């Protein structure tokens with residue numbers, strides 16, 4: 001009997017050592033946001049640094065998309081009148097009446113059907129915005145290329161021109177980690193750059209070339225709000241009349257795992273708390289959106305993994321720690337949050353967080369101007385909301401989808 005106990009003890013010690021070694025190896029491979037097999041069943045999911053909230057949250061689903069928009073692992077891009085989704089083979093698909101605007105209206109793209117886009121995510125990281133798209137090679141010099149509108153010098157090619165019909169090289173810029181023509185901001189691993197555009201002041205003063213404005217990169221940007229993962233500070237980009245760019249401190253926040261912004265800024269903390277700054281979407285009992293000059297806690301929400309504010313600023317959706325979706329805000333504007341908004345009145349216009357029916361095990365969520373989409377762990381895409389621009393179901397003339405509709409994407 002003593003011999004049996006000794007054998008069992010040695011076996012347990014060896015198993016513990018092997019488990020420790022495996023965990024250390026997994027941390028080394030997955031700690032930088034690379035794809036890791038977190039399910040054990042062959043599904044590859046993206047887990048970015050600091051995603052997991054404290055506690056015993058299961059690790060069998062993606063907890064939040066990476067902080068940086070359109071970085072590796074982010075598969076949904078929703079904007080006014082358009083939807084874009086990335087499949088498992090590195091192909092982007094898009095639809096919606098305003099799809100072409102992300103490419104400066106060129107090349108001409110079918111908008112009433114799900115269309116493969118001229119983007120190859122296997123070779124490039126793409127940053128897609130309202131009127132431009134830029135790409136950064138995954139290997140080599142990482143010199144960005146952009147196409148789309150350039151009437152105000154957005155593409156940082158040294159001059160203002162008409163729309164770029166093919167991707168243009170950004171002059172003398174290499175090592176890009178992020179490059180956004182719409183916001184005229186980029187960063188490498190060592191510094192942040194911005195460039196003047198015609199809308200900032202008299203164009204005669206500008207050469208439309210990137211300038212080094214900061215000796216450290218940011219790690220995330222949405223619209224004009226940037227986040228420094230090292231200092232944990234939010235800052236707001238500013239533009240003076242002579243085109244010189246700068247940053248104004250907004251607030252220091254610890255434990256941010258995700259944020260989204262338009263006219264309101266949403267930040268999710270590691271413990272699942274949601275904070276909001278700006279024109280925060282109203283809830284039941286409010287008479288109008290709430291205006292906060294600093295980030296403040298949003299009451300009435302269960303712990304979250306991720307939150308996304310609609311481009312109309314009146315609505316928001318979030319992934320809960322149970323991987324379901326809730327939405328809240330104004331029935332009169334954007335998302336038409338489920339059947340409860342089908343017959344809203346003045347007294348019921350603003351909604352408390354409302355579960356979206358039929359959505360389980362959600363791993364990614366995005367909101368557009370008037371619609372929303374979610375991807376589940378089963379690799380299914382579901383969309384709902386305003387369909388007048390055919391951004392929910394491109395082949396349907398129904399104006400609104402109050403509940404999610406499954407959209408078939410090849411090899412999602």
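Values quoted throughout were computed directly from the atomic coordinates according to the rules given, and no laboratory measurement underlies them. Every value quoted in this text rests on a predicted model; they were computed, and no experiment measured them. Using ideal geometry, Cβ is built from the backbone for each residue, glycine included, and neighbour counts are taken over all protein chains shown.
Taking every alpha-carbon pair in region 139-236 and binning the separations at 5 Å intervals from zero gives 3, 14, 24, 23, 19, 12, 4, 1 percent.
Averaged over residues, the count of other Cβ atoms within 10 Å places the peptides 288-299, 155-166, 109-120 in the sequence 155-166, 109-120, 288-299, highest first. Rounded, prolate or oblate: which fits region 294-412, taking a ≥ b ≥ c as square roots of the Cα gyration tensor eigenvalues, rounded meaning a/c under 1.5, else prolate when a/b beats b/c? Cα axes put region 294-412 in the oblate bin. Given their separation in residues at 0.36 nm each and the Cα-Cα distance between them, residue 321 and residue 236 gain 27.7 nm when the chain is fully extended. In the calculated pair-distance distribution of region 119-174, the portion above 16 angstrom amounts to 37 percent of the Cα-Cα pairs. Convex hull volume per residue, computed on the Cα atoms of region 245-337, equals 102 Å³.
Projected onto their three principal axes, the Cα atoms of region 245-295 cover extents of 35, 31, 15 Å, largest first. For region 242-305, relative contact order (Cα pairs under 8 Å, six or more residues apart, normalised by length) works out to 27 percent.
Entry for region 313-363 at q = 0.15, 0.25, 0.27 Å⁻¹: log10 I(q)/I(0) = -0.38, -0.89, -0.99, Debye formula applied to identical alpha-carbon scatterers, no solvent contribution.
Stretching the chain fully between residue 191 and residue 332 yields a gain of 46.5 nm (0.36 nm per residue, less the alpha carbon separation). Using the Cβ-Cβ distance between residue 288 and residue 343 with R0 set to 22 Å, the FRET efficiency from 1/(1 + (r/R0)^6) comes to roughly 0.55. With both labels modelled 7 Å from their Cα along Cα-to-Cβ, the residue 138 to residue 251 distance reads 3.7 nm. Let me make sure I get this right: for region 72-202, a, b and c are the square roots of the gyration tensor eigenvalues over alpha carbons, sorted descending. Under 1.5 in a/c it's rounded, otherwise prolate if a/b > b/c, else oblate. Which is it? Here region 72-202 falls in the oblate category.
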